[in-house]
Amino acid sequence: MKANVWHGKNDMRIEQVPDPRILNPRDAIVKITSTAICGSDLHLYDGYVPSMEAGDILGHEFMGEVVETGPAVRHLKVGDRVVVPFTIACGQCFSCEHHHHSLCENSNPNAWMAEKMWGYSPAGVYGYSHLTGGYAGGQAEYARVPYADSGPIRIDDGIDDDKVLFLSDVLPTGYMAAENCNIQPGDVVAVWGCGPVGQFAIQSAYLLGAERVIAIDRFPERLQMASEWSRAEVLNYEQVDIAKALREMTGGHGPDACIDAVGMEAHGTGFMAAYDRIKQMMRLESDRPQVLREVLRACRNGGTVSVPGVYGGFVDKLPIGSLMNRSLTIRTGQTHVQHYLQPLLERIRKGDFDPERLITHRLRLDDAPSAYKMFRDKEEACIKVVLKPWVH
Ligand SMILES: [Zn+2]
Ligand SMILES: [Zn+2]
């Protein structure tokens, strides 16, 4: 089959690779009809995620049709249309039983690597380094889906791929980010980063009762989307002092909750942003926590900081004093996608979310390498790319 394969920093190639096979009784093989490029895939493109190997198949946001099932798969059959969660989860361990699917204790065969880096291992993830299992990803014509009867959600009617594809990651990720804010009526929520996760976090914050949402970015097209699509108040951090603006907009208190939907490759202005860039380049710091610092300082006393943005390792100059002395709560985690699939599918059907609107580019699988570059460099006002492996 054809797949988008990682070869190194800025080097992705479309290649012919062996078709995936059933390896375990609970596996299924899915023929991929739609697959997306995620903001977190850019960390792989930019070479900041450790334990990638040349030849790894990329992609963790995909859906398609079941073409083969292992003998132990009970709830899916050949011909079913499914959206596949990016987190791989067995459905039976302690974490899965507590709906913490992204912490599944059985799905990361390289748990020992993750334990060295992080203490304990989270779940396996498709197409996202050997630290999280080394699974082949979904930017391909087919994928092997482990624990097929506990993860993927069946889409029984003719609802279009583009309306449900983002259940695989960015919609539940934005939703969980807002849910983690413990929003009370009247709350003001500030969201750093207006990419796809940020846009869904903004919409989810309103749905969960926020009175005002303030959205922060530097790209006009993303800020425009946040204000027009979701009625957020917007701030461009290249034009205003964010800390000062947030203080003024909230009567001197700061937002009740702050969401970091940016993660490890934050851009920024000023000395600290330059410091991170240099340290990350020299491999003295794995992540650039500019936004994390900002949210920890901007949030009101006793407020909540929610971090859906991806971080990998170790950072410098984290304002721990601000966190401790001001009684802040931090909530974070890879998304427990399985837990959100059904309720969010219902919300899509009800019209609470219109995920299709996010898609700025629909391309062929062959276009993946150039699409990564376009997305990374924010060319052509690119917000979200969907690839169609079987459309030529
Ligand atoms: Zn993603
Ligand atoms: Zn599990």
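Quick notes on this one:
- Meets criteria (over 30 Å from Arg13 (Cβ atoms) and touching a Leu at 6+ places or on another chain (Cβ under 6 Å)) for Phe200: yes
- The number of residues in the stretch 221-255 that are open to solvent by 30 Å² or more (accessible area, probe 1.4 Å) and more than 24 Å from Lys384 (Cβ to Cβ) comes to 11.
- Within the set Gly47, Gly59, Gly64, the sole residue that is more than 19 Å from Val170 (Cβ to Cβ), under 20 Å from the mean Cα position of the chain (by Cα) and not hydroxyl-bearing (Ser, Thr, Tyr) turns out to be Gly47.
- Residue check for Asp80: away from ligand 1 (no atom under 16 Å from the Cβ) and at pLDDT below 95: no
- Residue satisfying condition, being within 25 Å of Gly193 (Cα to Cα) and either at pLDDT 95 or above or touching a Phe, Trp or Tyr at 6+ places or on another chain (Cβ under 8 Å) (or both), within set Ser121, Ser102, Ser129: Ser102
- In this structure, Pro71 does not qualify as open to solvent by 50 Å² or more (accessible area, probe 1.4 Å), at pLDDT below 95 and more than 16 Å from ligand 2 (Cβ to nearest atom).
- Criterion applied to Gly268, Gly209 was being closer than 24 Å to Asn182 by Cα, out of contact with any strand residue (DSSP E or B) (no Cβ under 6 Å at 6 or more places or on another chain), open to solvent by less than 50 Å² (accessible area, probe 1.4 Å) and not in a helix (DSSP H, G or I), and the one residue passing it is Gly209.
- Taken over the stretch 1-48, the criterion of being away from ligand 2 (no atom under 16 Å from the Cβ), farther than 30 Å from Ser286 by Cβ and among the acidic types (Asp, Glu) is satisfied by Asp19 alone.
- His60 more than 16 Å from ligand 2 (Cβ to nearest atom), in contact with a Cys (Cβ under 7 Å, 6 or more places away or on another chain) and more than 15 Å from Pro369 (Cβ to Cβ): yes
- Among the residues making up the stretch 168-186, a single one is within 16 Å of ligand 1 (Cβ to nearest atom) and part of a loop (DSSP other than H, G, I, E, B): Asp169.
- In the stretch 98-125, residue surrounded by the most Cβ atoms within 10 Å (Cβ to Cβ) [restricted to those that are within 15 Å of ligand 2 (Cβ to nearest atom) and polar (S, T, N, Q)]: Ser107
- Test: residue in the stretch 88-97 that is assigned to a strand (DSSP E or B), touching a residue at least 40 places away in the same chain (Cβ under 8 Å) and within 16 Å of ligand 2 (Cβ to nearest atom): yes
- Scanning the stretch 223-236 for residues that are among the hydroxyl-bearing types (Ser, Thr, Tyr) and either modelled with pLDDT of 95 or more or part of a strand (DSSP E or B) (or both) yields one hit, Ser227.
- Residue selected from the stretch 330-351 under the condition free of Cβ contacts under 8 Å to residues at least 40 places away in the same chain and of a type outside the set (Lys, Arg), by the criterion farthest from Val164 (Cα to Cα): Ile330
- Among residues of the stretch 1-37, those that are open to solvent by 10 Å² or more (accessible area, probe 1.4 Å) and either in contact (Cβ under 8 Å) with a residue 60 or more places away in the chain or assigned to a loop (DSSP other than H, G, I, E, B) (or both), counted: 19
- Residues (in contact (Cβ under 8 Å) with a residue 12 or more places away in the chain and either over 21 Å from Leu44 (Cα atoms) or open to solvent by 40 Å² or more (accessible area, probe 1.4 Å) (or both)) located in the stretch 309-326: Tyr311, Phe314, Val315, Asp316, Lys317, Leu318, Pro319, Ser322, Leu323, Arg326
- Taking residues in the stretch 357-379 that are at positive phi, and partners anywhere that are of a type in the set (Lys, Arg) and open to solvent by less than 70 Å² (accessible area, probe 1.4 Å), the pairs with Cβ atoms closer than 9 Å and at least 6 places apart or on different chains are Lys378/Arg222.
- Scanning the stretch 49-68 for residues that are assigned to a loop (DSSP other than H, G, I, E, B) and surrounded by fewer than 21 Cβ atoms within 10 Å (Cβ to Cβ) yields Pro50, Ser51, Glu53, Ala54, Gly55.
Each row is one residue, and each column tells you yes or no for (1) among the aliphatic types (A, V, I, L, M); (2) surrounded by fewer than 24 Cβ atoms within 10 Å (Cβ to Cβ); (3) over 21 Å from Pro289 (Cβ atoms).
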position: Lys163; (1), (2), (3): no, yes, yes
position: Leu171; (1), (2), (3): yes, no, yes
position: Ile202; (1), (2), (3): yes, no, yes
position: Ile216; (1), (2), (3): yes, no, no
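The values are calculated or read from the model by the stated rules, or taken from the named source; none is laboratory data. In this text, all values refer to a predicted model and were calculated from it rather than measured experimentally. Please note: Cβ atoms are built from the backbone with ideal geometry, for glycine as well, and neighbour counts cover all protein chains shown. Note: areas computed on protein heavy atoms with side chains; ligands, DNA, RNA excluded. Shrake-Rupley method; radii C 1.70, N 1.55, O 1.52, S 1.80 Å.
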